[in-house]
Amino acid sequence: MKNVLASLLVLATGSAALAAGQLYVDGRADHVSYSPNDAVGKPGYEAWQLSRFKIDYQDKMSDANSFRVRLDGLQNTAAANTRDKASKFMDLAFVTHKFTDMVSVSVGKIATGIGGVEGFINTPGDIYLLSIAGAEDSAVYYPTGAQADLTFGDNKVRLNFANNTTDVTTTVGGTAYLSQTRGLMGVTYLGKFMDNNLLLTANYHMEDYVTTANVKAKDSYAGIGGKFVMDAFEFEADYLMNKYDLDPQAAANTLATNSAIVLVRYKIDELGSVHIKYENTDQKVATSTTDDTKNKYNGYTAAFEYKPVKDENWRMHVAFTQRDKKPETGDTQTEKFVYAGMRFYADFLK
C-alpha cells in the first residue's frame, strides 16, 4: 500500500524525489454527543464527525533547503483573505533555508508559536476542549509571512513577520481596496531543560490595523507555558493573554481574554493514558463604545486514551468535556460533549 501511494504521488507530481520525503496522514474521527442546558438556547445532538484530517508532506530540496506543505481536509478551497491569496485548505506551506546550524529563515504560511503549550507543543489532535484564549489564537496560528529561527543549543528564539489576521482595506468611491501597510510581528521562545523533561515556551505578538470605523488599532497575543515530565506523569500549564482595541462598528467586540490552563496526564504501560484538564477564563466584551461586560468560563476535560502499542501512532479514546459560561448578568450557560473515537498519525512513505 505504501509503495502504491508513493507511486501515485510520483505520477501526480512528476517527481521521483517525492518518494524520499515524509507524508503524514494526521486524523481523528469521533462519535460526538452534545448536551447544552436551557440557558444556551441551542438543541443537543449526536453525530459521527471527522474532528481532524490533515495531510502533511515534508522534504528537502538540498542540505540547506527544505519545505513543508500541510493541507486541511476539513476546510474549503475558498480564499481566506485577499492579501496572501492562500485558501483555508492550505494549512501550512513554507520553504526553509538553513544558513548555519544556528540560523534559518522560512517564508510562506508559517507556524508562529502563538498559543503556548496547548496550541504549539501539545498535539492539537489530542485536545478535546480548547481554551477560550486558545480558540482566539487559532485564527493567528498560521499567517503568511517570514520567520527567523535562532537556535542556541536546546533553546530557540523564533522571530515572526507576517500579515494581519484579517484584510485591511480602504473604501474609495464605494469600492474596498487592500491597503495593508503593517502586519503581525512577534517573538516566541522555546527551551528544553533537565534532559528534555522540562519544556518552556513564551511568546508575544502584536498587529496594527485600521478598524471598520477607520480608526488605528492594535491587538496583542501573549502567553507563557511549560510541560514537565516525571516518570509516568506529565504536567502542562499555560497562561494566555489576548488584548484587543475597541472596534466601534463590531458587535460584541472582545476587549481582553485571559485563560489559565492546567493538564495532568498519567501514562499506563501497555494500556494508554488518562488525563484531566482544567481551564479558567476571564473575558471582557464591549457592549458600546463606553461600556463593557464580563464573562467567566470554567472548562473541564476527563479523557481515557487506549494505546496498547507504545510505538504505534494509533489509539482509541473516550473523553468528556464541560464548559460553564457565567455572564455578568443572566444564567450560567453549560455545554457538555462526549467524544468516543479513534486517532491516527502515520508516515505513509516509510
Q: Please report the Cα spread of the stretch 233-350 along all three principal axes, rounded to whole Å, starting with the longest.
A: 57, 35, 23
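Relative to the compact-globule scaling 2.2 N^0.38 Å, provide the ratio for the alpha-carbon radius of gyration of the chain. List each step's numbers first, then the result.
Values: Rg = 21.6 Å, N = 350, 2.2 N^0.38 = 20.4 Å.
Scaled against compact globular proteins, the figure is 1.06.
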Q. Under 13 Å Cα-Cα from residue 284, which aspartates and glutamates qualify once same-chain neighbours fewer than 8 residues away are excluded?
A. 245, 292, 328
Q) Over the C-alpha atoms of the stretch 36-111, what are the Rg and the largest Cα-to-Cα span, Dmax, in Å? A) 18.7, 59
Q) GNM, the chain, Cα, under 10 Å: largest mean-square fluctuation among 136, 270, 234? A) 270
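Using r as the Cβ-Cβ distance of residue 185 and residue 95, and R0 as 25 Å, what FRET efficiency do you calculate, to the nearest 0.05? It would help to have the intermediate numbers written out before the result.
Working: r = 21 Å, r/R0 = 0.83.
Given R0 = 25 Å and the Cβ-Cβ separation, E is 0.75.
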Q. Taking a spot 7 Å from the Cα of residue 340 along the direction of its beta carbon, which residues of the stretch 267-291 have an amide N less than 17 Å from it?
A. none
Q. Under the Karplus relation 6.51 cos²θ - 1.76 cosθ + 1.60, θ = phi - 60°, what is the ordered set of whole-Hz ³J(HN,Hα) values for the stretch 130-136, x standing for Gly and Pro?
A. 7, 4, 4, 5, x, 5, 5
Q: In square nanometres and to one decimal, what's the mean projected area of the convex hull around the Cα atoms of the stretch 284-350?
A: 7.9 nm²
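Dividing the convex hull volume of the Cα atoms of the stretch 109-260 by its residue count, what figure in Å³ per residue is obtained? Please report the intermediate quantities before stating the final value.
Values: hull volume 17.7 nm³, N = 152.
Per-residue hull volume (Cα only) is 117 Å³.
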Q | Pairwise FRET efficiency - residue 161 versus residue 37, Cβ, R0 = 41 Å, nearest 0.05 | A | 0.35
(Q) Using alpha carbons only, how many angstrom separate the centre of the stretch 111-177 from the centre of the stretch 213-252? (A) 11 Å
Q) How many nm separate the modelled label positions at residue 241 and residue 331, each set 7 Å beyond the Cα in the direction of the Cβ? A) 3.6 nm
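Is there a quick way to get the dipole size of the chain? I mean about its Cα centre, with the Cβ of Lys and Arg at +1 and of Asp and Glu at -1; what is the value in debye to the nearest 20? Before the final figure, lay out the partial values.
Working: 36 positive and 42 negative charges, 114 e Å.
Dipole of the chain, to the nearest 20 debye: 540 debye.
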**Q.** Filter on 277/326; 192/243; 88/325; 227/307; 156/307; 54/88 - keep pairs with C-alpha separation over 23 Å
**A.** 192/243; 88/325; 156/307
(Q) Give me Rg/Rg_expected for the stretch 183-230, where Rg uses Cα atoms only and Rg_expected = 2.2 N^0.38 Å with N residues. (A) 1.70
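Taken together, the values in this text are just the output of simple stated rules run on the coordinates, not laboratory data. Small disclaimer: the values here were computed from a predicted structure and weren't measured. Cβ atoms come from the backbone with ideal geometry, glycine included; neighbour counts cover every protein chain shown.
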